[in-house]
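Notes to accompany the following structure.
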Amino acid sequence: MEEELFKTIINQSDSIKALIVSNSESSNLRFIYFAGTSLISTALGAVLAYWVGHFSHKRHLKPESAKSFIKLLSKFEEQCLEYWSKNHDPKESLIEEAKIKAGHKQLRLYAEYGNFGLKAQKKEQLEKLISRLFDEATGGDFESKKRQASRAKTQKVAMITASIAPILIEKSFE
Amino acid sequence: MQRINVGKDFSGHPIGRYREDGPESGEVFREDLLIPKLKELESNEQLEIVLDDEVEGYGSSFLVEAFAGVVKVGFMHSDDLLKKLTFSYRDEDFAFFETKIKQYISEASLGSAKESK
């Protein structure tokens, strides 16, 4: 009787040991599972947050870039019209010429690298018009002492500028 | 290959159209530097123009007078001039000026400057 009781106790003790081992393994597995899912969900959350931020920034960038370009264009037009509406002046012309050349460089670089979200065909159209603007704004008797006020120049500059603006105005309202 | 470095051999501030506009004008560049260099070239030799070394930029009036002027004064046909010239620059923005020079040369009519005088 005592012997049987002793065997039963030993058996139970083995079962308890097995239970403890099994519990411990299960607890380890639970920990790994919990840590793993936490890490994956955190990483996914971070990736999602990055993409949401990235796209909303990009969406915001296009209209802002287009608006800035239109401002530059308008300022450039103003400078050109001022310059070509009067004869050469040794003092004033020097400053105006420098501003026109620098202004065109800004437009050129902005058109090339600015993020307007334009399709290839529209971008090419924009670059061609900016190239024509260079011919008119800095051509003829630009930087020459012979320069006279030119109605033709002022009109051409104004018309080219007027053709450039609509390409970007559409983008500035997106 | 011969070479003209605009900034070093001519001026860091190429400006103006006619000789009376100053010593840095397009006409002075063409008459005193470009055409004499073109005359020195062997039949298959090319002339390299360094556009951006010490130069910030150009106006269309200078470029037309300096380069298209070679055709307009009747010195050389536009196709021949385009074959003779090559352009170099480090600043990629100067690719714009290369394109413009080639455009102005292509559009120039041989001897048109003499006819208009």
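The values are calculated or read from the model by the stated rules, or taken from the named source; none is laboratory data. Because the structure is predicted, anything quoted here is derived from the model rather than measured. Neighbour counts run over all protein chains shown; Cβ positions are idealised from the backbone, glycine included. These accessible areas exclude ligands, DNA and RNA; they are computed on the full protein's heavy atoms, side chains included. Shrake-Rupley method; radii C 1.70, N 1.55, O 1.52, S 1.80 Å.
Order the following by accessible area, largest value first: B:21, B:53, B:79. Probe radius 1.4 Å; ligands, DNA and RNA are ignored.
Sorted descending by solvent-accessible area, the residues read B:79, B:53, B:21.
Can you list the HN-Hα couplings for the stretch A:131-142, worked out from phi with the Karplus curve (6.51, -1.76, 1.60; θ = phi - 60°), rounded to whole Hz and with x for Gly and Pro?
My calculation for the stretch A:131-142 gives 5, 5, 4, 5, 4, 6, 5, 10, x, x, 9, 4 Hz in order.
When ligands, DNA and RNA are left out and all protein chains stay put, how many square angstrom of accessible area per residue does chain B have with a 1.4 Å probe?
48 Å²
Can you give me the Cα centroid spacing of the stretch A:95-134 and the stretch B:83-102 in angstrom?
Between the Cα centres of the stretch A:95-134 and the stretch B:83-102 lies a distance of 17 Å.
At 1.4 Å probe size, put A:84, A:51 in order of accessible surface, largest to smallest.
Final ranking, largest accessible area leading: A:51, A:84.
Quick one: pull the percent of accessible area on chain B belonging to carbon and sulfur, 1.4 Å probe, ligands and nucleic acids left out.
Working: 2500 of 5570 Å².
Looking at chain B in its full context, I get 45 percent from C and S.
Give me the accessible area of residue A:70, 1.4 Å probe, in Å² rounded to the nearest 10.
40 Å²
Hey, rough spin-label estimate for residue A:89 and residue B:20, points 7 angstrom out along Cα→Cβ, what's it come to in nanometres?
That separation, rounded to one decimal, is 2.1 nm.
Search the structure for amide H atoms under 5 Å from the amide H of residue B:48, placed 1.01 Å from N in the peptide plane, and list their residues when 5 or more places away or on another chain.
B:2, B:3, B:4, B:86
To the nearest 0.05, how large is the calculated FRET efficiency for residue B:99 and residue A:49 if R₀ is 41 Å and r is the Cβ-Cβ distance?
Plugging the Cβ-Cβ distance into 1/(1 + (r/R0)^6) gives 0.40.
How many nm is it between the label spots at residue A:146 and residue B:48, if each spot is 7 Å from the Cα in line with the beta carbon?
Rounded to a tenth, the inter-label distance reads 3.5 nm.
Given the peptides B:27-35, A:34-42, arrange them by the average over their residues of other C-beta atoms within 10 Å, most packed first.
The densest-packed peptide leads the list: B:27-35, A:34-42.
Using a 1.4 Å probe and ignoring any ligands, DNA or RNA, find the accessible area of residue A:88 and quote it in Å² to the nearest 10.
Rounded to the nearest 10, that gives 60 Å².
Given a 1.4 Å probe and heavy atoms of the protein chains only, how would you sort A:91, B:84, largest accessible area at the top?
Correct descending sequence by accessible area is A:91, B:84.
Can you quote the Å³ per residue value for the convex hull of the Cα atoms in chain B, rounded to an integer?
In chain B, the Cα convex hull volume per residue is 92 Å³.
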